[in-house]
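The values are calculated or read from the model by the stated rules, or taken from the named source; none is laboratory data. On a predicted model such as this, the values are computed, not experimentally measured, just so you know. Note that each Cβ is placed from the backbone with ideal geometry, even for glycine, and that neighbours are counted across all protein chains shown. All accessible areas refer to the heavy atoms of the entire protein, side chains included, with ligands and DNA or RNA removed. Shrake-Rupley method; radii C 1.70, N 1.55, O 1.52, S 1.80 Å.
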Amino acid sequence: MSRFWSHLVSTLDPYVPGEQPRIQNLIKLNTNEHPYGPSPKVIAAIAQASDASLRLYPDPTSLALRQAIAQRESLDAEQVFVGNGSDEVLAHAFQALLKQERPLLFPDITYSFYPVYCGLYQIAHRTIALDAALAIRPEDYLHGDAGGIIFPNPNAPTGRGLALDAVERVVAGNPDVVVVIDEAYVDFGGQSATLLIDRYPNLLVVQTMSKSRSLAGLRVGFAMGHPDLIQGLDRVKNSFNSYPLDRLAQAGGVAAIEDEAYFQQTRHAVMQTRDGLVEGLGALGFDVLPSLANFVFASHPRRPAEGIAAALRERGVIVRHFRHPRISNYLRITVGTDQQCGQLVAACAEILA
Ligand code: PMP
């Protein structure tokens, strides 16, 4: 607290990102990063862009990147917005589209940045409880009282996904408000709502290159939707930062979209490792929620999650534990390489023995 802070700043309850430890050789399964590096073509594109042209500002509209995304998704560039990570894209969506008189709705267990944006932008909101199996119930979002709706699909940190027809029911049932589907993890087995964009002008789909394209360090996120929604995001962006994506991020982002083969190969490798991880944890007695993401959400009937997380850490493995009462007995474990997941399962076996 400082007397120099604005009133708003003194009321904020900021997001706390997962730990990025400085200790070497930890098995880091706590922030849902991809275990394999980005496409070699991305590294080459960034190296090529690292020249004297860095003295110049980047393209403020990131047109080449928006065109590459649009082409892959069979959209127009006017239906695509890009930002400095999907966190920035989401922040602009909260301010531009989800701040309305009636409350914004999102699940009680979800990405913990949503309530933080509500605090920053003073957005009225109401949380909707997940069902007993920690799943989103689409019917709960059909009462006609929302000012806007946002949820991740698959949801985080549960990893559970909704089928496309369930997402469509929510979008179609709320034609007068914006529904944002945060698809940070969709490429690990979920069904994307991008297929619905041409039919629903109230749908905004947000994705990121941080997870399935292994570029968390480059900070590239994007949104797809009706041009009116994109223009709303642009108005906020151009009232905030004209150049959110630097030259290297734009070049690397284009290369990442263009290397479809590498994308397919590495996302399938992660899904395959996930199957083995689920099996390994199941054999130790863990209850593991069905995951369509690059992480699993697991609890053990006999041992408190917080204690397991601490014991794993002593063995050089870090996973994420949340203090929220409904999920305080769960661990969120990122799918790493086969070897990392094997070491995690072996460490759990030792701890539970
Ligand atoms: N949405 C969800 C559900 C997430 O878990 C994350 C990662 N913390 C993000 C969005 C933001 O990812 P990024 O800013 O790296 O694109």
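Taking first residues from the stretch 304-322 that are more than 15 Å from Phe286 (Cβ to Cβ) and partners that are in a helix (DSSP H, G or I) and not acidic (Asp, Glu), the Cβ contacts under 6 Å between residues at least 6 apart in sequence or on separate chains come to Arg315/Ala347. For the stretch 76-89, the criterion of being within 16 Å of the ligand (Cβ to nearest atom), in contact with a helix residue (DSSP H, G or I) (Cβ under 7 Å, 6 or more places away or on another chain), among the small types (Gly, Ala, Ser) and more than 18 Å from Ser212 (Cα to Cα) is met by none of the residues. Taken over the stretch 196-210, the criterion of being in contact with a helix residue (DSSP H, G or I) (Cβ under 7 Å, 6 or more places away or on another chain) and either over 18 Å from Arg247 (Cα atoms) or part of a loop (DSSP other than H, G, I, E, B) (or both) is satisfied by Leu196, Ile197, Tyr200, Pro201, Asn202, Leu203, Leu204, Val205, Val206, Gln207, Met209, Ser210. Of all the listed residues (Arg323, Arg315, Arg332, Arg302), the sole one being closer than 29 Å to Glu183 by Cβ and open to solvent by 50 Å² or more (accessible area, probe 1.4 Å) is Arg323. Filtered by the rule that a residue be of a type in the set (Phe, Trp, Tyr) and either more than 16 Å from the ligand (Cβ to nearest atom) or outside any loop (DSSP other than H, G, I, E, B) (or both), the stretch 107-149 gives Phe113, Tyr114, Tyr117, Tyr121, Tyr141.
Inside the stretch 190-208, residues that are over 22 Å from Gly147 (Cα atoms), open to solvent by less than 10 Å² (accessible area, probe 1.4 Å) and away from the ligand (no atom under 12 Å from the Cβ) make up a count of 0. Of the residues in the stretch 113-134, none is buried (at least 23 other Cβ atoms within 10 Å of the Cβ), in contact with a helix residue (DSSP H, G or I) (Cβ under 9 Å, 6 or more places away or on another chain), hydrophobic (A, V, I, L, M, F, W, C) and more than 27 Å from Asp287 (Cβ to Cβ).
Taking (1) open to solvent by 20 Å² or more (accessible area, probe 1.4 Å); (2) within 27 Å of Ala163 (Cα to Cα); (3) among the small types (Gly, Ala, Ser) in turn, Ala346 satisfies each apart from (2). Those helices (runs of 4 or more DSSP H) of the stretch 1-106 in which 1 or more residues are at pLDDT 95 or above and surrounded by 14 or more Cβ atoms within 10 Å (Cβ to Cβ) occupy 40-49, 63-72, 85-93. Taken together, the residues in the stretch 157-181 that are open to solvent by less than 10 Å² (accessible area, probe 1.4 Å), within 14 Å of the ligand (Cβ to nearest atom) and on the phi < 0 side of the Ramachandran plot amount to 4.
Residues that are open to solvent by less than 50 Å² (accessible area, probe 1.4 Å) and among the aliphatic types (A, V, I, L, M) within the stretch 245-264 comprise Leu245, Leu248, Ala249, Ala251, Val254, Ala255, Ala256, Ile257, listed in sequence order.
Kindly establish whether Ala293 is under 22 Å from Pro157 (Cα atoms), without any contact (Cβ under 8 Å) to a residue 40 or more places away in the chain and surrounded by 18 or more Cβ atoms within 10 Å (Cβ to Cβ). Judged against the criteria, Ala293 is not a match. Any residue in the stretch 209-225 that is within 16 Å of the ligand (Cβ to nearest atom) and open to solvent by 40 Å² or more (accessible area, probe 1.4 Å)? Checked the stretch 209-225: at least one residue is within 16 Å of the ligand (Cβ to nearest atom) and open to solvent by 40 Å² or more (accessible area, probe 1.4 Å).
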